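The values are calculated or read from the model by the stated rules, or taken from the named source; none is laboratory data. Just so you know, these numbers come straight off a predicted model, no measurement behind them. We place every Cβ from the backbone using ideal geometry, glycine too, and count neighbours over all the protein chains shown.
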Amino acid sequence: MAKKFITSLFTLALVLLATPAISSNSESERGEIIYFVMLDRFANGDTENDDGGLGNNFKESGLLRSNNGFHHGGDLAGLTSKIPYIKSLGFTAIWITPVVRQIAVAPDGGSSSYHGYWGAGFDEVDPHLGNMTDFKKLVDTAHREDMKIILDIVTNHTADTIRFAEGGSYVSLNEKPYRDANGKLVDLSKLPFQKSSPLLNPKKSFPKTPLIYPVYKSIKSPTWLNDLRNYHNRGESNFAGESSEFGDFFGLDDVFTEKPEVVSGFIDVYSKWIRETGVDGFRIDTVKHVNIEFWQKFLPAMRSTAQKSGKSDFPMWAEIYDPDPNITSKWVRSGQFTEVLDFPFQQRVLAFVTERTAMPLATLFNADDFYLRQGVDVNRLGTFLGNHDMGRVGAFIGLNRGPEIALKQNQLAHALLYTLRGTPIVYYGDEFGLMGGNDKNARQDLFATEVSEWQSEKRIGMDPIGRGDSFSKKNPLQDTLRELSEIRSKYLAFSYGSQQIYHAGGGWLVFSRIDPKDGHIFLAAFNSNDESSSLQLPIDLDSKWVKIAGAGAIESSSSQIDISMPGISWALFKSDQSIPSRVDSLALTRFRIDPLDNSRFEIAAKIVGQGAFEVLFQYRDKSGLWKELGTDLSPTFSKNAPDTGLYRVFPARSTLPKVGTLTVRALIKTSEKETVSPERVITLKK
């Protein structure tokens, strides 16, 4: 007998009665679905470049196909040849690992730069991957297929060429601050805002004396990257406190990004990539290890270059490796980012699938309010299930509970990825059920591999590959991705719609997405329990529901919706109507400095009425004009019911006046009218 979970969501009807929203964000007709490729491991299109022109000694070329820490031969030509395959899965964009020239082998000889994060020639293509002509051909081929190329870039560090006379342990700023060539203290708080840096001396200005082997003296490009004074030279990061920003990242040379010359240097480098190759966006590595002032200059410069190159939309996803949305959102509120990779989502969605814990995922979306500011849409946060560092979704699920359950859980996880808010990113090879571990063990070849453990490694949905080529095989996960991609392509709600969480608990998650154009409601139900079960939701909406995907059934009356689901399954239902919303009252209920984080304000508005709304928060500037603080698309969720009328934003204090009075208001636009709240005023003191 199926279990029944009875909820008391007496306010749920108010959320479901939605009207077509009038969005404050500019929208394209599709949201991106991104396929993330590690170039060296994907496809080998040109065997002539496998050794990068460095010869057959793997200690020099980095080519050792049987070792998972060295080059294997994948390249740009190989990826270009597979664009039709990637498109067949429904992807609209491809994110590729860095293509810049690398130092092929680590100083200790234990691994190579196959992954692309040991940059030396930032204005060149690494010869293991091809050349600039090959890169431009990739971009042009993708564009002809109506697909985009997202380039992975790095500004935090370069390849490891610098060592220190005093050894590698980190030296703090308090112990040894920076001094100019004359011994005068350098004020790091002012340095990012100066036109040029004070003259520095490699032997006198730094806490450690940087040394470089003669063979590396001129190996980097542009030439300013060979100047030892353009690096922090403080020793190894211990990833705590200031060392996270100033220390060498696992031995890699940490760039002095506070210096104006370094900022302008990187702006020149990456502007050229935009202008000359037509690349469509960036994924930016190790963002939280770079000072925030760098991003405040770099990102607007990239958007300006893209605009001048004919690209009105140029997304840049920040890698901020942290499960806390308070941390990841900081770089949006204060750092000029409009997109970040949503690490908090990854952790919680996998916990729901494998541990049947829905509440952490449901309440995560309340923290979406932390990101909001002008121009930010949380639907553009990059969501994912695993990656090249932490490991694959297949590894997190595992086969301990048997292959059938593993496949169902994998499909369930991808259905959540494609239907919850965000821009879905799928790691290459996940469609073949790859597992492995983390880091190097999660970077398998899709072409015939010579790594023995990968030949026998178990997969979800198919047998081990042996000496075969993955592209020649079929896996049910490929069809799952095609089905989910078609849903996102057909229904705008899953790319841009507001999201309402209705129920979370007992292995159940139920939410809706609302079409921003026609107001139709899509109800999404997920059951991560092993057994079949049913759920009753007291929704006061006498609508007909049509199942558009998945397994399960729905019945509705004027006061209740009943959903029945098989174990480990999902289903999507579409309403047959759109019902106009009604605003009875709108009032600001909270306007204060956030007691949990005094770097931001907390502003909340309460709505009485019917509907799912987009609530725009504004402040009045010195000239009397109203400026946007952010637009909240979804109400907060608490316990097991949405608080249907509570909307919030958390703007950074650094972006608003420091003293005097600050006046704010909230407004709602519906198809019928505009509703404005009474104004609220707060007095600001130093």
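Would you mind listing the helices (runs of 4 or more DSSP H) fully within region 1-99 where at least 3 residues are crowded, with 19+ Cβ neighbours inside 10 Å, assigned by TED's automatic domain parsing to the domain that holds Q444 and modelled with pLDDT of 95 or more?
Values: elements: 12-16, 58-61, 76-81, 83-88.
Answer list for region 1-99: 76-81.
Among the residues of region 436-445, those that are surrounded by 24 or more Cβ atoms within 10 Å (Cβ to Cβ) and either within 18 Å of P344 (Cα to Cα) or over 21 Å from the mean Cα position of the chain (by Cα) (or both) comprise Q444, D445. Out of all the residues in region 588-614, which are assigned to a strand (DSSP E or B), surrounded by 15 or more Cβ atoms within 10 Å (Cβ to Cβ) and not β-branched (V, I, T)? Hits for region 588-614 are L588, F591, R600, F601, E602, A604, A605, K606, G609, Q610. Looking only at region 588-602, residues that are under 29 Å from the mean Cα position of the chain (by Cα) and within 15 Å of T661 (Cα to Cα) come to 2 in all.
Criterion applied to A318, A306, A358 was being free of Cβ contacts under 8 Å to residues at least 40 places away in the same chain and over 12 Å from the mean Cα position of the chain (by Cα), and the one residue passing it is A306. Tell me which residues, restricted to region 229-249, are in contact with a His (Cβ under 9 Å, 6 or more places away or on another chain) and in a loop (DSSP other than H, G, I, E, B). Across region 229-249, the qualifying residues are S237, F239, G247.
Selection over region 234-266 of residues that are without any contact (Cβ under 8 Å) to a residue 40 or more places away in the chain and crowded, with 18+ Cβ neighbours inside 10 Å gives a count of 2. All but one of (1) in contact (Cβ under 8 Å) with a residue 40 or more places away in the chain; (2) within 22 Å of T631 (Cβ to Cβ) hold for Q346; state the number of the condition that does not hold. Going through (1) in contact (Cβ under 8 Å) with a residue 40 or more places away in the chain; (2) within 22 Å of T631 (Cβ to Cβ) one by one, Q346 breaks only (2). Of all residues in region 164-179, exactly one satisfies the criterion of being under 17 Å from N230 (Cβ atoms) and surrounded by fewer than 19 Cβ atoms within 10 Å (Cβ to Cβ), namely R179.
Of the numbered criteria (1) more than 24 Å from T636 (Cβ to Cβ); (2) touching a helix residue (DSSP H, G or I) at 6+ places or on another chain (Cβ under 7 Å); (3) surrounded by fewer than 23 Cβ atoms within 10 Å (Cβ to Cβ), the one L481 fails is (3). Checked against (1) crowded, with 24+ Cβ neighbours inside 10 Å; (2) touching an Asp or Glu at 6+ places or on another chain (Cβ under 6 Å); (3) of a type outside the set (V, I, T), D126 meets all criteria but (2).
Yes/no matrix, rows are residues, columns are (1) among the small types (G, A, S); (2) outside any loop (DSSP other than H, G, I, E, B):
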{"site": "E124", "(1), (2)": "no, yes"}
{"site": "P127", "(1), (2)": "no, no"}
{"site": "T133", "(1), (2)": "no, yes"}
{"site": "G167", "(1), (2)": "yes, no"}
{"site": "L173", "(1), (2)": "no, no"}
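Of all residues in region 257-275, those being in contact with a helix residue (DSSP H, G or I) (Cβ under 8 Å, 6 or more places away or on another chain) and in a helix (DSSP H, G or I) number 11. Give F345, F365 a once-over and let me know the one that is part of a helix (DSSP H, G or I), within 21 Å of S569 (Cα to Cα) and modelled with pLDDT of 95 or more. Residue meeting the stated conditions: F345.
Got a sec? Which of K297, K308, K272, K330 is farther than 27 Å from A120 by Cβ and surrounded by fewer than 19 Cβ atoms within 10 Å (Cβ to Cβ)? Just one listed residue meets the conditions, K308.
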